Structures are given as structure tokens and as C-alpha cells.
Amino acid sequence: MLSVLSYGRLVARAVLGGLSQTDGRDYKLISASYGFGKDFRKGILKKGMCYGDDACFVARHKTADVLGVADGVGGWRDYGVDPSQFSATLMRTCERLVKEGRFIPTNPVGILTSGYYELLQNKVPLLGSSTACIVVLDRRSHRLHTCNLGDSGFLVVRGGEVVHRSDEQQHYFNTPFQLSIAPPGSEGVVLSDSPEAADSSSFDVQLGDIILTATDGLFDNMPDYMILQELKKLKTTNYESVLETAQSIAKQAHDLAYDPNYMSPFAQFACDNGLNVRGGKPDDITVLLSIVAEYTD
């Protein structure tokens, strides 16, 4: 039987041990983006943060850092609709909501839902579809709250390994979940999912964790092991280093996308679905790379 003194020592050790593991510092994300439109305009942004039909944003609030990527569905171009307008407007709206503080860090689906419904109520007609992924870092709790609709997504990398990731959502091969606004009378014909259908998750992050958020143009052309190899080049937490690594990843994905002899993840997935496909997948590519650091502002 433990003496009162021994029991007291054990309790003290437990309490002190718990306190030593509690990090009272606020966290932030140091983020940089890079990408390519399918028209080869290297790293050239349209109005806002857009690469081709892709769009992204980085927004900071006193309670959280928020990231987003969206991939406009290119098929709308066949009907005379610019696919980039939907994804870009969706991301700009989500960014504004965050900057205005009209969000809850634990509820990224709420950001996506509010942004989407603003588009539905827009007095200026807007047509199109888009996938979307929202990532929120709660500064105080150090938790990452995410939602992903479709085949864009994110990875969390720690110690050179993927420790957390989004789940891809597909109705069937190469047909991801997507938000849509259809012409009047076509609502039941155009594929459209609810923002509430997005896959949600929460995850505790640590200082130095790397978060890679991207559209399918990256994931369809680079498997995890190639991405992890490129991430080894990220040695510091300064913005220039993060940007340089994002550029390196995007450029490699772009080169692989146009290699006809490369067995890309997309080609492998196509083969798994009974299609005889080889090579990369030419597509818009958006890479939004972040590293978790101490908030010192």
C-alpha cells in the first residue's frame, strides 16, 4: 500500500507531466500557393488566386487561419460558360466570410454552406459547378478542422509521413461530388450535391506539421511518395522556403501530367475501372502549401 507521501508524489508527477505537455502558445499557418492552368501559363494568377479553372484563398482571422481550394468543372465550357467563374466566386465569398468573422472555426462546412448559398441568392446570374475543400486551423486549440467535397483534398505530413488526409468523394469514375448552380428548369438534370455532404474531420496538429491542400490536378499526377520526396526540401518555416517547395511540387506534377508513358495515379484508377489508359492527366493544378508555426504577431 502506498503511503500518503508516496501517493502525493505520484499525483504531483501526473499533474506536472500533464502541464508540461500543454502548449499554451497560439499557432498559425505560413502558406504559399503555386499552380498551372491547362493553358500552360506558369504560376500566372487570374483576378484573385486562380490557376485556370481552379481557385484558392488564404484568410486570416484572430481566431483561425483558413484555406480553401476549388476546382471548376470544365464541362460547362461546352455550353458557353466559363468554369472558372463559379470556383473563383465561391472562394472569394468564403474568404470574405472568414475575414468578416462570420464563421465558427470548428465548422468549416458552415463556411462552405454560407458561401454556396450566397451564390444561389446572387442577383447576378452565375452558372457552373465546383469541388471544394476548406481547412481551418484553430489557433488556440491547435486543431485542424476540415471539410472536403469531391476530389480536391489535403494531406497532413509529420516526420516525413502522411498522418492525416481527406477522403475523396466520387459518384463514379471521374465524376466527383460538386456544388452546382444550374440554369432555370435544369436543376434536376445537372449533377449537384449539398455542401452538407462534404466529408468532415478534426485533427490535432503540432508545430512543424506540413499541410498540403490541392486540387485533383496534383493528386491525379503525383502519388504520395513523390509528394513526400518533394516535401523533404522544406527545411525552414519562412514564406520563401514554403513558396519554393510549392513551386517544386506543382512543376513536377505539371511535367508528369504531359508524360504519355507515365503510369499516373489517374491512369491507374482508370485501369481499375476497366479503361485502358496510360500517361499523366493534363489538368489545372493548384498547390496550397502550409506549415504550422508559432503565432507571434
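The values are calculated or read from the model by the stated rules, or taken from the named source; none is laboratory data. No experiment lies behind these values; they were computed from the predicted model shown. Note: ideal-geometry Cβ built from the backbone for every residue, glycine included; neighbour counts use all protein chains shown. Heavy atoms of the whole protein, side chains included, go into the accessibility calculation; ligands, DNA and RNA do not. Shrake-Rupley method; radii C 1.70, N 1.55, O 1.52, S 1.80 Å.
By accessible area of protein heavy atoms, probe 1.4 Å, what ranking do Thr106, Thr237, Thr213, Thr113 get, highest first?
Thr106, Thr237, Thr113, Thr213
Between [x] 19.1, 62; [y] 19.0, 58; [z] 21.0, 82, which matches Rg and Dmax of the Cα atoms in Å calculated for the structure shown?
Answer by label: [z].
Going by amide H atoms built from the backbone, whose H comes under 5 Å of the H on Gly52, apart from near neighbours?
Counting only residues 5 or more places away or on other chains, the set is Gly37, Lys46.
Out of every Cα pair in region 192-261, what percent are spaced more than 18 Å from each other?
51 percent
Calculate what fraction, in whole %, of the accessible area of the chain sits on carbon and sulfur atoms when a 1.4 Å probe is rolled over the protein chains.
For the chain, the apolar C and S fraction of the accessible surface comes to 53 percent.
Using 0.36 nm per residue of separation minus the Cα-Cα distance, give me the extension gain between Met226 and Leu207 in nm, one decimal.
4.5 nm
Report the accessible area of Val205, computed with a 1.4 Å probe over the heavy atoms of all protein chains in place, in Å² rounded to the nearest 10.
Only protein atoms counted, so the area is about 10 Å².
If each of Val189 and Tyr79 carries a label point 7 Å out from its Cα toward its Cβ, how far apart are those two points in nm?
Inter-label distance under the simple model: 0.7 nm.
Rank these by accessible area, largest first, 1.4 Å probe: Cys271, Cys50.
Cys271, Cys50
Please compute, over every Cα-Cα pair in region 98-199, the percentage with a separation greater than 18 angstrom.
Value for region 98-199: 54 percent of Cα pairs lie more than 18 Å apart.
Please list, in order along region 59-74, the HN-Hα scalar couplings obtained from phi with the Karplus expression 6.51 cos²θ - 1.76 cosθ + 1.60 (θ = phi - 60°), rounded to whole Hz, x for Gly and Pro.
Once θ is set to phi - 60°, the couplings for region 59-74 become 10, 10, 9, 4, 9, 6, 9, 10, 10, x, 9, 8, 10, x, 6, x Hz.
Quick test of the membrane-span-like rule: which DSSP H helices of the chain reach at least 24 Å along their long axis (C-alpha atoms) with mean Kyte hydropathy at least 0.0?
4-21
Based on Cα coordinates alone, diagonalise the gyration tensor for region 243-291, multiply each eigenvalue by 5, take square roots, and list the semi-axes in whole Å, largest first.
Largest first, region 243-291 gives 25, 11, 7 Å.
Treat each spin label as a single point 7 Å out from the Cα along the C-beta direction, and report the Val124 to Val162 distance in nm.
Result: 3.8 nm between the two label points.
Compare the Cα positions of Ala257, Ser200, Thr213 along the charge dipole of region 182-269 (+1 at Cβ of Lys, Arg; -1 at Cβ of Asp, Glu; about the Cα centre) and return the one farthest towards the positive end.
Selected residue: Ala257.
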